[in-house]
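The values are calculated or read from the model by the stated rules, or taken from the named source; none is laboratory data. These numbers come from a predicted model, not from an experiment. Here the Cβ is made from the backbone with ideal geometry for all residues, glycine too, and neighbour counts use every protein chain on show. Areas reflect the complete protein model, heavy atoms only, side chains present, ligands, DNA and RNA absent. Shrake-Rupley method; radii C 1.70, N 1.55, O 1.52, S 1.80 Å.
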Amino acid sequence: MKLATLKDGTRDGKLVVVSRDLTRFTDASFLVPTLQAALDDWSRIVSHLATIAESLENNAVPSARFHEHDAHSPLPRAYQWADGSAYVNHVELVRKARGAEMPASFWTDPLIYQGGSDAFIAPRDPIRVVDEALGLDMEAEVAVVVDDVPIGASLDAARAAIRLVMLVNDVTLRSLTAPELGKGFGFFQSKPSSAFSPVAVTPDELGDAWDGGKVSLPLLVDVNGKPFGRANAGVDMTFDFPALIVHAAKTRPLAAGTIIGSGTVSNKLDGGPGKPVSAGGAGYSCIAELRMIETIAAGEPTTPFLRLGDIVRIEMKDRTGHSIFGAIEQKVEKYGE
């Protein structure tokens, strides 16, 4: 089942069910107005949504053309957005970029930060930055949305709580990360609003690419129409989603609608830090990694962070080449213009 939230002039939009091929939708707001409301009552609502989805596939309900530009992020705002860093290769590279050593515990104890969840960006809306000099970077990720998770949940309970899967652009301002983390109190200004894919899907839509904990498909990242990243989200994921959920719920419950991010998808593949797509590698899901590789190779980075007018596209396709979640596609614009 594929779910989306359409813009309707309200803060939280309206819930719709989208066809598997992403071409059509049918209104579900008569049943439950928003995706958050559906998640709050998932055990009762899910079978009704599934019936609507089946009817949509069989052309048995009214439908209209689905336009990704009309979609909010599936949850336009959320009670909680907790982003992990499950691909430790990424953590190692970006820490090197700011001259920080990586403790050995990072390979055994997950990292998670609490992101701002009060105002996500729609997947086709621009990224507005106050100053290009802040080092705007994309971070392409996978995320899951969970049902209620109790304190101290087991891995099995965490796995069973996963309700939806979607993609993320976790926008980062690299010039602010090192000074902010240097204060010892975590991210805030360096992590502006994130964007999520037009559609969130139930795990069964992923078929055998979903093993209950991760998605084993390439994450396609393009910058200005050119391939930038093709890392496989199922490779080099040190901590899968159940492990991240267990970590997040160690000392507190997670409310239905909590979003858990994977962190930037990052592959070593060749045993080293990876190679650009243009050099036959899997590329990168953020610019900071490529800049670190350039620094290792030549002593300094040459690829700039995102500039005004640049366009980022993030998408994932199934093994037959069809888009699963729709695409996050965003142009960088100056805030206030």
Mean Cα-pair separation over length for the stretch 177-229, i.e. relative contact order, pairs under 8 Å, 6 or more apart, %: 15 percent
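Suppose a student asked you for the relative contact order of the stretch 244-337, using Cα pairs under 8 Å spaced at least 6 residues apart; what percent would you report?
Numbers: 84 pairs, mean separation 13.6, N = 94.
Relative contact order of the stretch 244-337: 15 percent.
Given the pairs Lys183/Lys214; Lys226/Lys268; Lys191/Lys214; Lys7/Lys275; Lys7/Lys331, which are separated by over 30 angstrom at their Cα positions? The partial results should precede the final answer.
Numbers: Lys183/Lys214 33 Å; Lys226/Lys268 21 Å; Lys191/Lys214 24 Å; Lys7/Lys275 39 Å; Lys7/Lys331 19 Å.
As for pairs spanning more than 30 Å Cα to Cα, those are Lys183/Lys214; Lys7/Lys275.
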Rounded FRET efficiency, nearest 0.05, which uses the C-beta distance separating Thr10 from Asp131 and R0 of 41 Å: 0.85
Distant alpha-carbon pairs in the stretch 147-303 (separation over 28 angstrom), percent: 29 percent
Distance (nanometres) between label positions extended 7 Å along Cα→Cβ at Thr251 and Asp318: 4.2 nm
Label-to-label distance, nm, for residues given as Thr295 and Gln80 (7 Å Cα→Cβ offset): 3.3 nm
Cα centroid separation, the stretch 281-335 to the stretch 196-268 (Å): 17 Å
Heavy-atom accessible area order for Asp83, Asp147, Asp118, largest first, 1.4 Å probe: Asp118, Asp147, Asp83
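Hey, with R₀ at 22 Å, roughly what FRET efficiency would Glu101 and Lys183 work out to, going by the Cβ-Cβ distance, to 0.05? Before the final figure, lay out each step's value.
Numbers: r = 18 Å, r/R0 = 0.83.
Efficiency computed from Cβ-Cβ geometry: 0.75.
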q = 0.14, 0.28, 0.31 Å⁻¹: log10 I(q)/I(0) that the Debye formula gives for the stretch 294-337, counting C-alpha atoms only: -0.61, -0.92, -1.03
Å³ per residue enclosed by the Cα convex hull of the stretch 87-137: 129 Å³
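Using only the Cα atoms of the stretch 24-111, construct the convex hull and provide its projected area averaged over every direction, in square nanometres to one decimal.
Numbers: hull surface 37.2 nm².
The directionally averaged projection comes out at 9.3 nm².
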Portion, in percent, of the accessible area of the stretch 1-145 that falls on carbon or sulfur, probe 1.4 Å: 49 percent
Solvent exposure ordering (accessible area, 1.4 Å, most first) of Thr303, Thr108: Thr108, Thr303
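Could you calculate, for the stretch 231-337, the ratio of the Cα radius of gyration to the Kirkwood radius, expressed as Rg to Rh? Walk me through the numbers on the way to the answer.
On the way: Rg = 17.2 Å, Rh = 16.8 Å.
Using only Cα positions, Rg/Rh for the stretch 231-337 is 1.02.
Per DSSP helix of 4 or more residues, -39500 (n - 2.57); summed, then divided by the residues of the chain. What does that give at 222 nm, rounded to the nearest 500?
On the way: 7 runs with 67 residues, N = 337.
After summing the helix terms and dividing by the residues of the chain, the value is -5500 deg cm²/dmol.
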Radius, Kirkwood style, for the stretch 95-187 when every pair of distinct Cα atoms is counted (Å): 16.3 Å
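With a 1.4 Å probe and all protein chains left in place, how much accessible area per residue does the stretch 3-118 have, in Å²? Don't skip to the end; give the middle numbers.
Values: 5560 Å² over 116 residues.
Using a 1.4 Å probe on heavy atoms only, each residue of the stretch 3-118 averages 48 Å².
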Two-decimal Rg to Rh for the stretch 162-207 - Kirkwood Rh, Cα set: 1.20
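On the accessible surface of the stretch 226-337, probed at 1.4 Å, how many percent belong to carbon and sulfur atoms?
Values: 2500 of 4830 Å².
Heavy-atom surface of the stretch 226-337 belonging to carbon and sulfur, 1.4 Å probe: 52 percent.
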